[in-house]
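The values are calculated or read from the model by the stated rules, or taken from the named source; none is laboratory data. Nothing here was measured: the structure is a model prediction, and the numbers come from that model. A quick note on method: Cβ atoms are made from the backbone with ideal geometry, for glycine too, and the neighbour counts reach across all protein chains shown. To get the accessible areas, we keep the full protein, side chains included, count just its heavy atoms, and leave off ligands, DNA and RNA. Shrake-Rupley method; radii C 1.70, N 1.55, O 1.52, S 1.80 Å.
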Amino acid sequence: MSWTAPADDGGSGITGYEVTSSPDGQTCTTGTTPCTITGLTNGTAYTFTVTAINAEGASPPSIASNAVTPATVPGVPTDVTATAADTEVTVSWTAPVDDGGSAITSYEVLSSPDGQKCTTTGAISCTVTGLTNGTEYTFTVTATNAEGTGAASAASNAVTPATVPDVPTGV
């Protein structure tokens, strides 16, 4: 939080400021601007008021600030499962328990080896194509919201894309 000092200090120099959040009543006290309030809940909208303090006491609170909603990157997707087919693998997962206070906008699946990717805009499965039959792969998933991309999931089960053999010849 930052603010402008009052025009009138009441005849006694201002010794500090107290910022208070609403809801929750979290506070921080400082001698000058800015002041950082910690312990807020991601995804909850907050407003803030500031009081000026001098030797005589505290001023009435300022008008409330604009509303802000703290957020962070999403948590980690879990239960990543891979199912192989011919040159492709379908990967599914469970959404993170914590979206970081901002809706998840996409997921990205990454193969190992080869770094092949697929991306969804909210679905919790996608198919990675262009894989090599006979090569073993695992997959990780990341979730993204307006704040950024969270940590990658644990690797999926290992799978090997394959197909049926060619038709015998020379019969």
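For the range 100-109, the count of residues that are in a strand (DSSP E or B), closer than 30 Å to G31 by Cα and either at pLDDT 95 or above or among the hydrophobic types (A, V, I, L, M, F, W, C) (or both) is zero. Pairs meeting the criteria (first residue in the range 140-168 and on the phi < 0 side of the Ramachandran plot, second residue in a loop (DSSP other than H, G, I, E, B) and open to solvent by 80 Å² or more (accessible area, probe 1.4 Å), beta carbons under 6 Å, at least 6 apart or on different chains) are A158/E136; T160/E136. For the range 62-77, the criterion of being aliphatic (A, V, I, L, M), modelled with pLDDT under 95, assigned to a loop (DSSP other than H, G, I, E, B) and surrounded by fewer than 16 Cβ atoms within 10 Å (Cβ to Cβ) is satisfied by no residue at all. Of the residues making up the range 2-16, those that are closer than 18 Å to I63 by Cα and polar (S, T, N, Q) are S2, T4. Of the residues in the range 74-93, at least one is out of contact with any His (no Cβ under 8 Å at 6 or more places or on another chain), more than 30 Å from A162 (Cβ to Cβ) and of a type outside the set (A, V, I, L, M, F, W, C). Across the range 134-167, what is the number of residues that are under 19 Å from T87 (Cα atoms), at pLDDT 95 or above and not in a strand (DSSP E or B)? Within the range 134-167, residues that are under 19 Å from T87 (Cα atoms), at pLDDT 95 or above and not in a strand (DSSP E or B) number 9.
Here G115 does not fit the description of being within 21 Å of the chain's Cα centre (by Cα) and without any contact (Cβ under 8 Å) to a residue 24 or more places away in the chain.
For T32, the test of being in a loop (DSSP other than H, G, I, E, B), β-branched (V, I, T) and open to solvent by 30 Å² or more (accessible area, probe 1.4 Å) is passed. Looking at the range 113-137, which of its residues are of a type in the set (S, T, Y), under 11 Å from E88 (Cα atoms) and either in contact with a Gly (Cβ under 6 Å, 6 or more places away or on another chain) or open to solvent by 50 Å² or more (accessible area, probe 1.4 Å) (or both)? Matches in the range 113-137: T127, T129, T132. Does the range 79-109 hold any residues that are within 12 Å of T140 (Cα to Cα) and without any contact (Cβ under 8 Å) to a residue 24 or more places away in the chain, and which are they? D79, the sole residue that qualifies. Return yes or no: is T38 open to solvent by 40 Å² or more (accessible area, probe 1.4 Å) and under 35 Å from the mean Cα position of the chain (by Cα)? When the stated conditions are applied, T38 passes them.
Here's the yes/no breakdown for (1) of a type in the set (K, R); (2) open to solvent by less than 40 Å² (accessible area, probe 1.4 Å); (3) in contact with an Asp or Glu (Cβ under 9 Å, 6 or more places away or on another chain):
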position	(1), (2), (3)
T81	no, no, no
S102	no, yes, yes
S111	no, yes, no
E147	no, no, no
T163	no, no, yes
